[in-house]
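Each remark here refers to the structure printed beneath this line.
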Amino acid sequence: MPQFATSPAWQALLAHRDAMAGKRISELWEDDPGRGPALTFKCAGIELDFSKQRITTETVSLLVALARDRGVPAAIERLFTGERVNVTENRPALHTALRGDEHVRVDGEDLLPEIQRARERLRVLAQGVRDGLWKGATGERIRHVLALGIGGSSLGPRLAIEALRGEADGPEVRFVENIDAAEFDDAAKGFDPAATLVIVASKTFTTQETMGNAQVARDWLVAALGPESIPKHVIAASANFEEAAKFGLPECNVFPFGDYVGGRYSVWSSVGLPVAIAIGAQRFEQLLAGAHAADLAFRSTPLEHNAAALLALVGIWNRNALGIPTHAVLPYASRMEHLTAYLQQLEMESNGKRVDAEGNPVDFETCPVVWGGKETPGQHAFHQWLHQGTDIASCDFIVVARPMGERKDHHEILLAHALAQSEALMEGLATPQTHKACPGDRMSTTMVLPRLDPHNLGALLAMYEHKAFVQGTVWGVNPFDQFGVELGKVIAGQILPAVRGGEAALHPATHHLLGVVKKLSRA
Ligand code: F6P
């Protein structure tokens, strides 16, 4: 693919940016008071208001022209129809197939029957556990779930369970992600092994952290219930059936998914089992249905009105035309606190790349730093930086229209703060007292969910997945691989013998630092 920075479509955008130079967002509002509705777009019930971005309808047209020039419409079709869009790993990326009911063929094989079978198995297990039909080895009902996994094998399920806490009426789920000596013990504290189901989620079933915790979980169960208890207490969700079986599980305890599902796109697969157990299979299916609705909208809506595509394109405008290096995720919903971590993996692991899909260095910046937190607590922490810092971040405000609890008055205050923050960032404050002045002209998108329920959450996450896909396509990088994470894993393997007190050829810097750690471990 030709380079991005020199393309006529991009050059047209830069000329447009230069023509708009010096124009503040507040002036764009004065020029066109109707820009609110003109720059608000819908996706599966969610509305995205781009009117506080430094854009006009002309910017949208030019961004859409860029997307066309970069082949976005054809790429969307390739994604949905099972082409090998993950070119560096020679695989399709068919997370969308997991939530739809369309026939998708890969190498002539229709994937729908296997996907439907997997969905049915997940439904039966989740319901069986919730109804007390699936019992532990001693006949106890399952009351606890330990969900083992890391990265995409935990971020999505953890976000979904937390976000849908209001509907989580099944066994309590706790997550074990890290290979920290305390993590398993902390999570298992107070759980009765006889009433606990351990779900080991790992696409590869070789991830060191997850396998380490799986071993600890097995020992914990065996110590309490004996080795025969394992089939009643351990389930695997994996794309590597052989490895999962080697762990000593009967075939029926392994819930497979295809290797055409990337780790960070796997919450829709059997990796979502903890979610289905916590909220029920029916609500889990609503999560899938919401994502499917966003898929249909993404695939069928012209780019000019396509909310997910525009989310991506406005992000490119901010990153590449306006030079904004970081992007803040600001959910005004306590239960969506984990959205930031989820999007960090989704966007930064997908598009944190410096070469294009053919391996050529890119001639532009790719994924910004994604960060954020829970609002309003963030207002009392890092919003100072957003309003008066020397750097500018683009922001996504995520707002839920209906209250998430009984206290309507609290929700009204929450809403007022969300609306105030985006206005304050845009308008700023002009005053001769320089320490009080806020420069304003800081851009944000606000997305409004009618309510925080499985359908809308599914739609929101799918929309962000499509954002990452469109950005990857425009930048020309492969959003479905993550080779950058491998180097550290290899070096950790080389260092581990020395950490354990044995021999290893260490870099002098590592040798020095390990010495410091060992000294302090004896202090
Ligand atoms: O190390 C990165 C990564 O491969 C992620 O892409 C993935 O979500 C995570 O590790 C966990 O991998 P797995 O599901 O194979 O255990």
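Observations, loosely collected:
- Scanning the chain for long hydrophobic helices, with DSSP H runs required to stretch 15 angstrom or more by C-alpha along their axis and to average at least -0.5 on the Kyte-Doolittle scale, returns 8-20, 57-69, 208-225, 281-300, 408-427, 454-475, 486-499, 508-522.
- Where Arg105, Arg158 fall by accessible area, highest first, once all protein chains stay in place (1.4 Å): Arg105, Arg158
- In plain terms, the chain from Asn360 to Val87 could stretch by 96.9 nm, reckoned as 0.36 nm per residue minus the Cα-Cα distance.
- Residue-averaged [θ]222 nm for the chain, counting only DSSP H segments that reach four residues, each worth -39500 (n - 2.57): -13500 deg cm²/dmol
- Segment 167-257 - percent of accessible surface contributed by carbon and sulfur, probe 1.4 Å: 51 percent
- Computed from the C-beta positions of His380 and Asp180, the FRET efficiency with R₀ = 41 Å rounds to 0.90.
- Each Lys and Arg contributes +1 and each Asp and Glu -1, all at the Cβ; summed about the Cα centre of segment 45-198, the dipole is approximately 100 debye.
- For Ala217, the shell of other residues with beta-carbons less than 12 Å away shows a net charge of -1, using +1 for Lys and Arg and -1 for Asp and Glu.
- Cross-link table Lys135/Lys232; Lys489/Lys519; Lys353/Lys467; Lys42/Lys374, entries beyond 19 Å C-alpha to C-alpha: Lys489/Lys519; Lys42/Lys374
- Shape summary of the chain, radius of gyration then Dmax from alpha carbon positions: 24.2, 76 Å.
- Heavy-atom accessible area per residue - segment 384-433, 1.4 Å, Å²: 59 Å²
- Looking at segment 439-523, the accessible area is 47 square angstrom per residue; that uses a 1.4 Å probe and ignores ligands, DNA and RNA.
- By DSSP, the beta bridges lying fully in the chain are antiparallel in about 30 percent of cases.
- Label-point separation, Glu109 to Gln433 (7 Å along Cα→Cβ), nm: 7.0 nm
- Listed by chain and number, the lysines whose alpha-carbon sits under 23 Å from that of Lys23, ignoring those within fewer than 8 places in the same chain, are Lys52, Lys436.
- Evaluated with a Cβ-only charge set (Lys, Arg +1; Asp, Glu -1), the chain carries a dipole of roughly 760 debye about its Cα centre, given to the nearest 20.
- Cα-based shape type of segment 179-254, given that a ≥ b ≥ c are square roots of the gyration tensor eigenvalues and the cut on a/c is 1.5: oblate
- The residues of segment 184-235 expose, per residue, 39 Å² of accessible area to a 1.4 Å probe.
- For segment 216-255, the residues whose amide N sits under 20 Å from a probe point set 7 Å from the Cα of Thr138 along the beta carbon direction are 217-235.
- Debye, to nearest 20: dipole size of segment 378-423, +1 on Lys, Arg Cβ, -1 on Asp, Glu Cβ: 140 debye
- When the Cα positions of Ala244, Tyr342, Pro497 are compared along the charge dipole of the chain, Pro497 comes out farthest toward the positive end, with charges on each C-beta of Lys, Arg, Asp and Glu.
- Charge-dipole axis of segment 337-460 as Lys and Arg at +1 and Asp and Glu at -1 on Cβ define it, positive-most pick from Ala416, Val448, Gln384: Ala416
- Under 16 Å from the Cα of Lys203 - lysines, other chains or at least 8 residues apart: Lys246
- Whole-percent carbon and sulfur share, accessible surface of segment 432-516, 1.4 Å: 64 percent
The values are calculated or read from the model by the stated rules, or taken from the named source; none is laboratory data. Quantities reported herein were computed from a predicted structural model and do not represent experimental measurements. No Cβ is skipped: glycine too gets one built from the backbone with ideal geometry, and neighbour counts run over all protein chains shown. Just the protein is used for accessible areas: all its heavy atoms, side chains included, with ligands, DNA and RNA removed. Shrake-Rupley method; radii C 1.70, N 1.55, O 1.52, S 1.80 Å.
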